[in-house]
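> Sharing a structure here in structure tokens format.
The values are calculated or read from the model by the stated rules, or taken from the named source; none is laboratory data. Remember, it's a predicted structure, so these values are computed and weren't measured experimentally. Here the Cβ positions follow ideal geometry from the backbone for every residue, glycine too, while neighbour counts run over all protein chains shown. These accessible areas exclude ligands, DNA and RNA; they are computed on the full protein's heavy atoms, side chains included. Shrake-Rupley method; radii C 1.70, N 1.55, O 1.52, S 1.80 Å.
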Amino acid sequence: MDITKSSRHSKIVGDFGETLVLYWLSKSGFECASVDHTGIDLIARHPRKSEVMGISVKSRTRTPGTESEYVIVRSGDFDKVKAACEAFGCAPYFAIVVDADSIIRVFITTMEHFLELFPLTSGGGSGWKMSDAYLAQYSSDPKVAMFELRADMKKWLI
């Protein structure tokens, strides 16, 4: 399917990703809320632990042929997440949301584990890799929570 994005698509996909993660956390028993704060988008309390999570959500739409491109996270984003979590007394997390073809994948992990997997580069950032090999690795990694939504468009506006 050929994708032509609207002029506001970046904003819309960001809002969608945050809402999707918020929904899934709530559905899983987390007490959670959307926050408007530099560095984090969501705050969630784990239902079986005392941990409070400060979550930065990074959402991307991938067009055909770019599905395996990684999600760039700039070094400054890590600094902002850390600062916000220190201010609110929560543990820093990232949620990565990638809409590619007919699958929307969501990954949630601690900032610490993110950086263990993908340390900051000399270029000043990191990237959540999306190749088939990495998708398989995430599936077996106990420190990466993930879920997928599949969409099969039956009929749409033309």
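> Out of D132, D99, D141, D152, which single residue is modelled with pLDDT under 95 and either closer than 23 Å to K49 by Cβ or surrounded by 18 or more Cβ atoms within 10 Å (Cβ to Cβ) (or both)?
Unique residue meeting the criteria: D99.
> What are the residues in segment 50-76 that are among the charged types (D, E, K, R) and surrounded by 15 or more Cβ atoms within 10 Å (Cβ to Cβ), if any?
Scanning segment 50-76 gives K58, R60, R62, E67, E69.
> Still on this structure: Which pairs do you get when a residue that is free of Cβ contacts under 8 Å to residues at least 40 places away in the same chain and hydroxyl-bearing (S, T, Y), found in segment 19-35, comes within reach of a residue that is surrounded by fewer than 17 Cβ atoms within 10 Å (Cβ to Cβ) and part of a helix (DSSP H, G or I), reach meaning Cβ atoms under 9 angstrom, with the pair 6+ apart or on two chains?
Sorted first by the residue in segment 19-35, then by its partner, the pairs are S34/T19.
> Take the residues of segment 103-129 that are touching a strand residue (DSSP E or B) at 6+ places or on another chain (Cβ under 6 Å) and in a loop (DSSP other than H, G, I, E, B): which is surrounded by the most Cβ atoms within 10 Å (Cβ to Cβ)?
F118
> Return the only residue of G76, G54 being on the phi < 0 side of the Ramachandran plot, of a type in the set (G, A, S) and over 16 Å from the mean Cα position of the chain (by Cα).
G76
> Say we look at segment 1-49 and pick out the residues that are open to solvent by 100 Å² or more (accessible area, probe 1.4 Å), part of a loop (DSSP other than H, G, I, E, B) and of a type outside the set (K, R); which of these is farthest from A151 (Cα to Cα)?
Looking at the filtered set, the residue picked out is S7.
> Shifting gears a bit: Could you list all residues from segment 80-95 that are touching a Ser or Thr at 6+ places or on another chain (Cβ under 8 Å) and open to solvent by less than 20 Å² (accessible area, probe 1.4 Å)?
Within segment 80-95, V81, A84, F94, A95 meet the criteria.
> Let me ask something additional. Restricting to segment 50-76, count the residues that are over 21 Å from I12 (Cα atoms), in a strand (DSSP E or B) and not hydrophobic (A, V, I, L, M, F, W, C).
Count: 1.
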